[in-house]
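Each remark here refers to the structure printed beneath this line.
The numbers here are math on the coordinates, done by the rules we state, and not lab data. Source: prediction; values computed, not measured. Here the Cβ positions follow ideal geometry from the backbone for every residue, glycine too, while neighbour counts run over all protein chains shown.
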């Protein structure tokens, strides 16, 4: 897999334990050693098969108070962070996904350039 590809799918991120956030880059630990993954654009789409909300936020976010949450996505909803004129300044590892229901998921895609 090359980070030169645009767009680059980080794949389906599944929250196996409701209320326990997972890092967007959790699927890469031990598989790829790229250090910090930086992007100019980040797309997140909650799967249409989800039972409840998924949350985009930072490590330590609270799905109860919404502290540290940047987006609440229902099934099929999407959220985007786009910094096209700023270079690759989005540190993808800073973003996490949480869910109200076990095994709800989202597709995460990044753009580098």
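Summary table below
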quantity: For 55, 111, order by how many other beta-carbon atoms lie within 10 Å, fewest first; calculated: 111, 55
quantity: Correct choice for semi-axes √(5λ) of the Cα gyration tensor in Å that was computed from the model, options (i) 22, 14, 13; (ii) 22, 18, 12; (iii) 36, 12, 10; calculated: (i)
quantity: Sequence-separation-based contact order of segment 8-111, relative, with Cα cut under 8 Å and 6+ spacing, percent; calculated: 49 percent
